[in-house]
Structures are given as structure tokens and as C-alpha cells.
Amino acid sequence: MGSFVWDVLTLFPEMVTAYLDAGILGRARKQGAITVGVHDIRDYTRDKHRMADDYPYGGDPGMVLKPEPIFRAVDCVREKTPESRVVLMSPGGRPFDQAAALRLARGPQAVTLICGRYEGVDERVVQRLIDEEISIGDYVISGGELAALVVVDAVSRCLPGVVGDERSVTSDSFYRGILKHPQYTRPEVYRGLSVPAVLLSGHHEEIRRYQRRKALEKTWRNRPDLLEKAELSKEDREYLARLQRSGGGRPAGFEGF
Ligand code: SAH
């Protein structure tokens, strides 16, 4: 399988490359599982001041990214990678989650991410250039770079060969609709806290059942909304009903599951 091709359009390329050089993504790039082109939007300006932003019409405060450099940068990406899906990072976009990450990972194997700054980008970019707008959550950050990195990271982890052991992706939180169970490493006892005995028992079936219950419990406590959509077995439901009856430990305001 070929490389998944990412292109990132930004006014701060060094922010983006710093993250992409290290860790799992750095290794994925070296091994060729993903390719990332980071493009400085300013390189696509044509005036001597390399102006990428301007005042908004209508008297709003702040600055808006001009359309021309972004259109030219996307044209340039499309010459090389015509199939690239063009995405604008925006707090007004569709919320990003694990399902969206899996969808993007399925293809087309090329995505261009546009990082806004200041008040955002000229609306004609939205009208003409982009296939979708993505938000990483209901809050505003200062630029699209962090948001784009979240998307590159989450989607790339879903690609074959990026995370060393694929089981660690499929057992991650959200992948199966609920949060991941708590984990322990050595030492066996630390500051008086012991690793649960069942994990040392070697009984795989018991360990699996214990971890499933702990995952359900954590989800019930922190993210009961996830339980409404999760695929639950009869045993899962019985366990949750028992938790519900005991009532302990869930913050006020969460009703049912
Ligand atoms: N004035 C805009 C916010 C601009 S923030 C508004 O109210 O909608 C500047 C840039 O940061 C945005 O253009 C976008 O690219 C990025 N950004 C900020 N918050 C984001 C979020 N939650 N998800 C994705 N991108 C975000």
C-alpha cells in the first residue's frame, strides 16, 4: 500500500514540523507510511510584503486570511495530488472524533489541511476550495495548527503499520465505543497501592472480564453518553445495572446510561 499523503497549509510551518518529526509520526514518515508536505501560505503571496491577511469587510475587529495565497497553495498541491481531500480547520466545522478519523483513514489516501489564524479565512475559500470543515472541539484556539496535528495524528494511527502493535489501536479508548480500562506496570506495589491480583493471575479469561468491567465502569463514571451508542453484551448490561443500583461514585447530573 502506498503512502498516505498529507499536505498542511499554515503561516507557522515550524510549529507543525516540530511535532511531526518526533515519536510515532516521525517514524511513520521515515518508514514512508505517511508523507507530509508542510507549506508556508506566505510563500504563495505575490506582493513584496508577503501579506497573507487583511482587514475584514464590514468593520469587524481583527484580521482575515486572504483568499489568493490559499487558492494558489491548494492549486499547487492539486497539481501533484489531484485526489487530495481539502479540509479547513475551523471551530465551526463538524466535530472530529474516532469515527471521523477512521472515515478519513479509509480514503482517499490524501488530505490537505488548511490552518486558519486570526479571525479565520475568507469565506470564498469555504465556498470554492474545501470539501469539509473540521472542528476539534467546542472551544477556540489561536490557530488551526494544533487542530491539524490532532487530525494528522489520530488518522495516521488508524493506518496499517503506523502504530507498531495494531492491537494497541483497536483497544484504545473510543475504538470499540467505550473508554480503555486502567493499566498498571511495575512495581507490583507502589506507595502502598497494589496492582489488582487478577492481573497477575495468568487467567486470560478472568483478566479479560475484569478489564471489560473496569472499562465499563470508567465509561459509566466519566462518559455515560458513550454507553448509549456502544455495543454492549448481556453481561455488560447486567454489570452496568449493578453499578447503577449501587449508585456510588458517579458525579451528580448524569442520569441513566
Ligand atoms: N473567529 C473564529 C475563530 C478563529 S480562531 C470563530 O469565531 O469561529 C483562528 C483559527 O484557529 C481558525 O481559523 C481555525 O483554523 C483554528 N481553530 C480555532 N479553534 C478551532 C477548533 N476548535 N477546531 C479547529 N480549528 C480551530
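Bear in mind these aren't lab numbers, they're just calculated from the coordinates by the rules spelled out. No experiment lies behind these values; they were computed from the predicted model shown. Every residue, glycine as well, gets a Cβ built from its backbone with ideal geometry; the counts of neighbours run over all protein chains shown.
Our estimate of slack between R94 and Q183, defined as 0.36 nm per intervening residue step minus the Cα-Cα distance, is 28.8 nm. Charge tally for V8 (other residues, Cβ to Cβ under 11 Å; Lys, Arg +1; Asp, Glu -1): -3. Counting only alpha carbon atoms, the long axis of helix 204-222 and the longest principal axis of the chain meet at about 60°. Sites listed here are chymotrypsin sites (Phe, Trp or Tyr not before Pro) in segment 11-61 whose DSSP assignment is loop and whose Cβ has at most 10 other Cβ atoms within 10 Å: Y57. Across the chain, Cα-Cα pairs more than 21 Å apart make up 67 percent of the total. Taking a straight line from the alpha carbon of K48, these lysines sit under 25 Å away, with near neighbours fewer than eight places off in the same chain left out: K66.
For the chain, adding -39500 (n - 2.57) for each run of n ≥ 4 DSSP H residues and dividing by the number of residues yields -12000 deg cm²/dmol at 222 nm.
Subtracting the Cα-Cα distance of S246 and C76 from 0.36 nm times their residue separation leaves 55.2 nm of extension gain. Within the listed set E205, E119, E238, the Gaussian network model of the chain (springs between alpha-carbon atoms below 10 Å) gives the highest mean-square fluctuation for E205. Look at L232, L104, L20 and count the other Cβ atoms within 10 Å of each Cβ; fewest to most, that gives L232, L20, L104.
Pull up the cross-link candidates among the lysines for K214, meaning alpha carbon to alpha carbon under 28 Å and not fewer than 8 places away within one chain. Leaving aside lysines fewer than 8 places away in the same chain, those within reach of K214 are K180, K229, K234. As a rough guide to protection, the peptides 127-133, 46-52 ranked by mean Cβ packing within 10 Å, highest first, stand as 127-133, 46-52. Here the calculated FRET efficiency for E133 and R237, from their Cβ-Cβ distance with R0 = 41 Å, stands at 0.65, rounded to the nearest 0.05.
Quick one: angle between helix 67-80 and the longest Cα principal axis of the chain, in degrees between 0 and 90, rounded to 10, please. Helix 67-80 sits roughly 70 degrees off the main axis of the chain.
Here R213, R27 are placed in order of increasing Cβ neighbour count within 10 Å, fewest first, which gives R27, R213. A simple charge model with +1 on the Cβ of Lys and Arg, -1 on the Cβ of Asp and Glu and nothing else charged puts the dipole of the chain at about 1100 debye relative to its Cα centre.
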